[in-house]
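The structure appears below as structure tokens.
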Amino acid sequence: MDEKKLREHLALERTKLANERTLLAYIRASLYLLVGGTALLQLKDNENLHIIGYIALFICVLFIIIGIWRYIILEKKLKDLLLPDENDIENK
């Protein structure tokens, strides 16, 4: 494997790992919002905080959806980069 291909391969691997770290960050933030939202819903004294708790739970679900969606989109783009084109195969 020549040096250029090695650099390209390592760059793609770093990008895949960064993509996974980003997904984990979305999951972590979503879990924090889930815990915070449920804690606010457990408070009986202040009903106004229930609204904030429900908003936190809604945003929690949004974070999970957005995180998984972004992960899948970038993963597909990376697979397209890794798989050779049919034209390249035919030319060889």
- Query: Where is the GNM fluctuation largest for the chain (alpha-carbon springs, 10 angstrom cutoff): GLU13, GLU75, GLU47?
  - Reply: GLU47
- What share of Cα pairs, in percent, lie more than 18 angstrom apart in the stretch 13-84? 51 percent
- Message: Which of ARG21, ARG70 has the fewest other C-beta atoms within 10 Å, and how do the rest follow up to the most?
- Response: ARG21, ARG70
- Query: Residue by residue, what Karplus-based ³J(HN,Hα) values in Hz, rounded to whole numbers, does the stretch 42-49 have, using 6.51, -1.76 and 1.60 with θ = phi - 60° and x for Gly and Pro?
  - Reply: 7, 6, 8, 6, 10, 6, 5, 6
- Output ³J(HN,Hα) for the stretch 4-14: one whole-Hz value per residue in order, computed from phi by the Karplus curve 6.51 cos²θ - 1.76 cosθ + 1.60 with θ = phi - 60°, and x for Gly and Pro. 5, 5, 5, 4, 5, 5, 5, 5, 5, 5, 4
- Relative contact order of the chain: what whole-number percent is it, with Cα pairs under 8 angstrom and at least 6 residues apart? 32 percent
- Would you compute, from DSSP H runs of 4+ residues alone, the mean residue ellipticity of the chain at 222 nm, taking -39500 (n - 2.57) per run and dividing by the full residue count, rounded to the nearest 500? -31500 deg cm²/dmol
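Since every read-out is calculated from the coordinates, none of them should be taken as a lab result. The structure presented is a predicted model; accordingly, all values stated were derived computationally and were not measured. Neighbour counts run over all protein chains shown; Cβ positions are idealised from the backbone, glycine included.
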